[in-house]
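K.L.:
Let me begin by handing over the structure; questions about it come next.
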């Protein structure tokens with residue numbers, strides 16, 4: 001016995017039919033064919049090696065006389081009728097599609113049976129364009145078609161009616177309790193007789209209802225505006241970051257959605273480096289921020305920041321001391337950023353916040369703190385949105401060209417901003433030593449205490465981790481603006497004798513600077529002290 005084939009009105013069944021009965025070339029096109037079959041209600045039928053398309057409108061039905069049913073076998077000259085349980089059919093149909101008018105946004109239409117409370121929901125998506133009225137017509141047809149197809153029949157026909165095949169429509173007369181009507185043949189088994197399985201159809205279902213379409217809503221075209229990028233070569237914040245990779249914050253007057261960053265070592269052949277999906281909270285300071293001592297709360301005048309987007313909020317004392325409200329202030333260059341925290345943020349005017357109770361020079365950035373950050377400095381909230389860009393370690397200290405702009409545009413579009421940067425990889429940079437002291441009058445001894453850039457908050461340790469291959473420091477003596485002596489030491493102490501000062505020609509004031517050395521970074525930030533000869 002050979003199973004001839006099956007035609008279904010669902011995607012899964014259609015896929016099985018197409019895969020089994022048409023050529024490979026046609027099978028490769030099923031992704032585009034299936035939505036059309038579902039949308040326009042037609043079937044694909046293979047006959048004698050030819051793929052035929054037939055509408056499901058019930059036209060050309062073949063009349064079947066019950067007196068000509070075959071005798072013997074599973075069905076002995078009778079008609080077997082079944083009806084699918086009502087709970088098995090969908091009472092709601094939801095269809096997703098692309099609006100064929102307006103702005104071609106995604107849309108959903110649905111149809112509901114009157115007693116929909118007892119039925120499940122069937123959801124489908126067609127990757128084709130429809131109007132709202134067309135989408136509603138499709139959902140109503142699917143719902144009615146599913147209800148009609150609950151009725152199924154099985155019958156046996158003699159070999160003389162072998163011309164009836166899968167996908168054909170047969171018509172049966174009404175006979176007493178047995179309801180007649182039109183049925184679509186879904187499956188045939190050939191043997192001594194043809195065993196046919198079919199489902200009921202109603203031609204009226206395929207006449208679209210008259211639905212008034214809603215007016216198209218067309219939004220005015222808004223050209224993508226340039227974005228404003230800020231690169232920040234910052235120290236490690238949590239220790240989980242890539243040490244050598246800088247951060248990129250971006251904002252715009254009208255946010256274009258995804259923002260793309262392209263990179264090249266030359267001014268051509270740009271390749272995509274990163275895509276930013278979130279807008280950073282960026283602002284401009286409205287007043288000066290003087291230097292303040294690191295490690296102690298800065299209770300000076302509030303720093304006013306005008307934001308281009310977003311808002312700032314106060315945090316509790318516990319959250320503040322646990323690292324909350326971390327931000328950066330800088331001049332816009334990639335490596336001149338002081339990291340600080342603020343506890344209180346008060347809205348003082350439109351988009352302008354007053355930041356008070358600050359902790360300055362966080363994460364070793366105290367050595368970068370100028371005497372004053374002038375009004376007009378850049379502010380970036382480090383709330384996890386500015387993210388590190390993808391950068392290989394071998395690109396440190398190599399000039400790189402960037403183009404940053406709306407991801408929906410090519411990188412040579414006028415909306416892209418071009419910048420060039422060289423990044424040191426400041427996550428690798430050692431902190432400046434602290435508690436820098438000098439003792440003695442003739443022969444002088446300078447001492448200091450090193451800090452660590454990672455895992456330095458564990459107070460149970462006798463000393464903070466070194467986080468470098470070896471402990472070493474560069475000591476420089478500067479007099480009258482010139483370097484007169486340089487030494488490398490392995491301990492946090494250095495002696496500068498009177499004879500050495502005479503040999504260096506020291507007279508009057510001079511300064512001594514000390515910086516911890518890193519095998520990967522070189523000299524870190526320096527601490528300095530001014531001494532009189």
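A short reminder: the numbers here are calculations on the coordinates, not readings from a lab. All of these numbers come straight from a predicted model, not from anything done at the bench. Here Cβ is always computed from backbone atoms with ideal geometry, including for glycine, and neighbour counts include all displayed protein chains.
K.L.:
Mind sorting 436, 97, 53, 342 by how few other Cβ atoms lie within 10 Å of their own Cβ, fewest first?
P.N.:
53, 436, 97, 342
K.L.:
Okay, moving on. Nearest-5 percent of antiparallel DSSP beta bridges in the chain?
P.N.:
Within the chain, antiparallel bridges account for around 95 percent of the total.
K.L.:
How big, on average over all directions, is the shadow cast by the Cα convex hull of the chain, in nm²?
P.N.:
Working: hull surface 160.0 nm².
If I average the Cα hull's projected area over directions, I get 40.0 nm².
K.L.:
May I pose another question? For a distance above 15 Å, tell me the whole-number percent of Cα pairs in segment 434-532 that qualify.
P.N.:
63
K.L.:
Could you give me the radius of gyration and the Dmax of segment 282-381, taking only the C-alpha atoms into account and expressing both in angstrom?
P.N.:
Every Cα atom of segment 282-381 included, Rg and Dmax give 12.2, 34 Å.
K.L.:
Please state the relative contact order of segment 434-532 as a whole percent: Cα pairs under 8 Å, 6+ residues apart? Don't skip to the end; give the middle numbers.
P.N.:
Values: 171 pairs, mean separation 27.3, N = 99.
This gives 28 percent for segment 434-532.
K.L.:
Mind jotting down the three principal axis lengths of segment 160-298 based on Cα atoms? Whole angstrom, largest first.
P.N.:
100, 43, 42
K.L.:
If you don't mind, there's one more thing I want to ask. Post the alpha-carbon centroid distance, segment 328-350 to segment 390-438, in whole angstrom.
P.N.:
Comparing the Cα centres of segment 328-350 and segment 390-438, I get a distance of 19 Å.
K.L.:
In what order do 42, 313, 270 fall by count of nearby beta-carbon atoms within 10 Å, going from fewest to most?
P.N.:
313, 42, 270
K.L.:
Still on this model: May I ask for the angle, rounded to the nearest 10°, between helix 11-21 and the longest principal axis of the chain, with both axes built from Cα atoms and the value confined to 0 to 90°?
P.N.:
Helix 11-21 and the main axis of the chain meet at about 70 degrees.
K.L.:
Just to confirm the number: angle between the C-alpha axis of helix 30-40 and the first principal axis of the chain, 0 to 90 degrees, nearest 10?
P.N.:
Computed tilt is about 60 degrees.
K.L.:
Next question, about the same structure. Relative contact order for the chain using alpha-carbon pairs under 8 Å, separation at least 6, rounded to a whole percent? All intermediate terms of the calculation are to be shown ahead of the outcome.
P.N.:
Values: 1169 pairs, mean separation 56.8, N = 533.
Value for the chain: 11 percent.
K.L.:
I'd like the distance separating the alpha-carbon centroids of segment 495-527 and segment 133-162, in whole Å.
P.N.:
92
K.L.:
Still on this model: Which of 253, 306, 110 comes first, and how do the rest follow, when ranked by fewest Cβ neighbours within 10 Å?
P.N.:
253, 306, 110
K.L.:
Taking the 0 to 90 degree range and rounding to the nearest ten, how far is the long axis of helix 132-148 tilted relative to the main principal axis of the chain, both from C-alpha atoms?
P.N.:
Computed tilt is about 50 degrees.
K.L.:
Follow-up question, since we're still on this one. Over segment 282-381, what relative contact order in percent results from Cα pairs under 8 Å that are six or more residues apart?
P.N.:
That works out to 41 percent.
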